[in-house]
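Take a look at the structure set out below.
Bear in mind these aren't lab numbers, they're just calculated from the coordinates by the rules spelled out. Please read these numbers as outputs of a predicted model, since none were measured by experiment. Neighbour counts are summed over all protein chains in view; Cβ atoms, including those assigned to glycine, are modelled from backbone coordinates with ideal geometry.
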Amino acid sequence: MNNFKSHFKFNKQERSGIFFLLFIIIALYGVSFFVKANPFDTSPKVSVNMLAESKLDSIKKLVHQKDSKKIFPFNPNYITDYKGYTLGMSPEELDRLFAYRKQKRFVNSAESFQKVTKVSDSLLKTIAPYFKFPEWTQKNRQIPVHNNSKSQFKEKEVDKVRDLNLATIDDFKTIRGIGDKLSARIVKFRDRLGGFVINKQLNDVYGLKPDVVKRVLSNFKVVQPPKIEKININTATAKELSRLVYINYDLAKEIVAFREVNGAYGKVDELVGVKTFPVERIDRIKLYLTL
């Protein structure tokens, strides 16, 4: 019996070993239980900065508004920085257009717009359908010919004499006696008129001498005059009459006063009876008037 009990007696070192072994077993069991109860989440955790997300949403909204914004017809000669941005033009392309316009020159077609700005073909294809140029610059250079009762179009042969309404500042500068100022003045006057109706109107450009006018008209003539919305001198107000290049507000008031005193005009030529009316220009002025 004493021998049997001796097998269960341990010295101090052995007892320490047994306790240490039990501690390890309990610890391993606890870790195993914890892992089973709380499995690792292998899905990625993404922390989102709410302020950054809000800004991103705002940018996306602006881009969407830009893409969906309706484009209305416009004259590309008067594009602003903001307009150019909304159309997708780069600052360099806009600068080329601004430099060209600073010379008091105008683009009158999609092709000339691309030549000046150097925009890409894809961008031009997108925005060109919305270009709106003055009517007198867009006259069709084709004339109808009839063949077997069917209307066809044949390209008009290019004559030596070019259309006065399509000539550019550079074109006018090729005429002896015309420099930068006069060529720009001719184009500006033509724009105010909405296009020359008759060749004789060239004489009304300030500073253009008769001999120079003659040289211009030997190279350029009015081929396609603009359509004119005439003003009725029997119903128009002084303000409406003064919109004409040839009639200032003071003269317009005299025309109305003459009508009120003498009754309605019977013919446009009766305007010569107005005291300060420029009689020498009656043939040009009456082009814009009616009864």
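The residues of the stretch 186-207 that are part of a helix (DSSP H, G or I) and more than 29 Å from the chain's Cα centre (by Cα), listed by number, are N199, K200, Q201, L202, N203, D204. Cβ separations smaller than 9 Å between residues 6+ apart or across chains give the following pairs from the stretch 191-215 residues that are within 26 Å of V107 (Cβ to Cβ) to residues that are acidic (D, E): L193/D204; G194/E135; G195/E135. If you check K239 against the conditions, is it out of contact with any Lys or Arg (no Cβ under 7 Å at 6 or more places or on another chain) and closer than 30 Å to I175 by Cα? No: the conditions fail for K239.
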